[in-house]
Amino acid sequence: METNLVRVLEGQYLDELTSELCDFTLEEQNAATEAQGVKPLAASDYVPIVGKTVTYVVACVIVNDANEVLMMQEAKESCAGKWYLPAGRMEPGETIMEAGAREVLEETGLKVEITTLLAVETAGGSWFRFVLTGNVIGGELKTPSQADQESIQAKWCQNLSELSLRANDILPIVELARNYRVRSPKDPNWHREILPARKAHYKNYLRVVVAIKNKSTNQVYVLLSEKTAYHFPTVEIHPGRSIHSTLKKFMIELFGADLPQHRPHGVLSVEHHTSGTQANPTDGMCLTVLVICRPSIESVSLIGKCIWHELSKDLSARLAMAVAGKNATFQLHVSDKDTANGFVGGETEPTYTVNSRQT
């Protein structure tokens, strides 16, 4: 399991059948809801299909050596003339990186190499936006004479306040990308360049690395599920609830009603790869999220089929470093809303809880 932890810390996929190791399926979540006399919000056989039942959006924040941000002017009738980052919905059959590069090329005329994921934003459990950054490797900046249905023009901008923006939701992620660009590559407070890991999933899953300390020894432990084989606890993402709601209900399954105080620190890895057919798509993904328990291990009890695993000293120190650094994991932005109606690409301005500190 320590090898698997190293892999997720490095943004790699885990070579396991997530469907067989899921500890709390949508069917089980619905059964628990019905037992309380409440009608489920989604069908138990829900499958994420791009363009039909799930929306994946990419937003690319490209910053040049002059600290200018690549911006595009909207051509859509609803927001014509406004400025925004190159962004848009993923198309069937695309990977996250392919969608990002396509949107930048279509809307700005520039070719880019996507270098890392910066943040994951969610609204409900069926709308996700992946914030990416990268470097320009070719192309020519689109001019008004090249205007089309994708955009009117593109330009590099130093001060976004000088533009009439389509929405202000991009301001925090622009700041994030600028800070990432000027970071020291060896700064332990920042994650390395990590891209979504190419692994296909039939459903959407939330894998949790729950970390806790032993007060007497100062050693770090992580939670492991004992279902079938030892693995990090995993829950199917509920399409009708926020990620926070899904996580909280899952944590209650693991710890009981006397839930210890905890907080999601950020995203360690994203697994996604479209490899299915139109009749049998694999548009699902798996988000691995780091969750920190505030109390010490001595005061926390478990009710689910889980155990605490003590990490080696080296790995304990490595995980502690990730916890200490605010940006050592990808930021997780969760909308206050349980639907995607409030998000751009969904398609108006969102409300954020940035780097959420509680569930």
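The values are calculated or read from the model by the stated rules, or taken from the named source; none is laboratory data. Just so you know, these numbers come straight off a predicted model, no measurement behind them. Here Cβ is always computed from backbone atoms with ideal geometry, including for glycine, and neighbour counts include all displayed protein chains. Note: accessible area is taken over every heavy atom of the protein model, side chains too, but ligands, DNA and RNA are not part of it. Shrake-Rupley method; radii C 1.70, N 1.55, O 1.52, S 1.80 Å.
Miscellaneous remarks
- Rounded percent of accessible protein surface that carbon and sulfur make up, the range 147-298, 1.4 Å probe: 46 percent
- In terms of its alpha-carbon gyration tensor, the range 190-279 comes out prolate; a/c meets the 1.5 threshold, and the first ratio a/b outweighs b/c.
- Charge dipole (debye, nearest 20) of the range 46-101; +1 at Cβ of Lys and Arg, -1 at Cβ of Asp and Glu: 260 debye
- Normalising the Debye intensity of the chain to I(0), with uniform scatterers on Cα atoms only, and taking log10 at q = 0.07, 0.13 Å⁻¹ returns -0.30, -1.02.
- Global geometry of the range 46-119, whether rounded, prolate or oblate, following the gyration tensor of its Cα atoms and the 1.5 cut on a/c: oblate
- Surface per residue (accessible, 1.4 Å probe) for the range 235-314, Å²: 40 Å²
- Net charge, GLU94 excluded, C-beta distance under 15 Å - Lys, Arg +1, Asp, Glu -1: 0
- Gyration tensor (alpha-carbon) shape descriptor, the range 1-91, a/c threshold 1.5: oblate
- Restricting attention to the chain, close to 70% of DSSP beta bridges with both partner residues there are antiparallel.
- Share antiparallel - DSSP beta bridges, the range 55-189, percent rounded to 5: 75 percent
- Just checking the listed ones, GLY304, GLY125, GLY240: in the Gaussian network model of the chain with Cα springs under 10 Å, the one fluctuating most is GLY304.
- The angle between the Cα long axis of helix 96-108 and the longest principal axis of the Cα atoms of the chain comes to about 20 degrees, rounded to the nearest 10.
- The distance linking the range 104-157 with the range 16-85 is 18 Å (Cα centroid to Cα centroid, whole angstrom).
- Value of relative contact order over the chain, rounded to a whole percent, pairs C-alpha under 8 Å and six or more apart: 22 percent
- Net +/- balance of residues flanking THR228 in space, Cβ distance below 14 Å, scoring K and R +1, D and E -1: -2
- Theoretical ellipticity at 222 nm over the chain - DSSP helices of four or more residues, -39500 (n - 2.57) apiece, nearest 500: -6000 deg cm²/dmol
- Whole-Hz couplings from phi, Karplus 6.51/-1.76/1.60, listed for the range 318-326; x for Gly and Pro: 5, 5, 4, 5, 5, 5, 5, x, 4
- Accessible surface, per residue, of the range 55-189 when the full set of protein chains is kept, probe 1.4 Å, Å²: 41 Å²
- Given charges at beta-carbon only (K, R positive; D, E negative), |dipole| of the chain in Debye: 900 debye
- Between helix 26-35 and the chain there is an angle of about 60 degrees, using the helix long axis and the longest principal axis of the Cα atoms.
- Rounded to 10°, Cα long-axis angle of helix 243-255 versus longest principal axis of the chain: 10 degrees
- Fluctuation leader among GLU253, GLU140, GLU121 - the chain, Gaussian network, Cα springs under 10 angstrom: GLU140
- GNM top mover of SER151, SER335, SER312 - the chain, alpha-carbon springs below 10 Å: SER312
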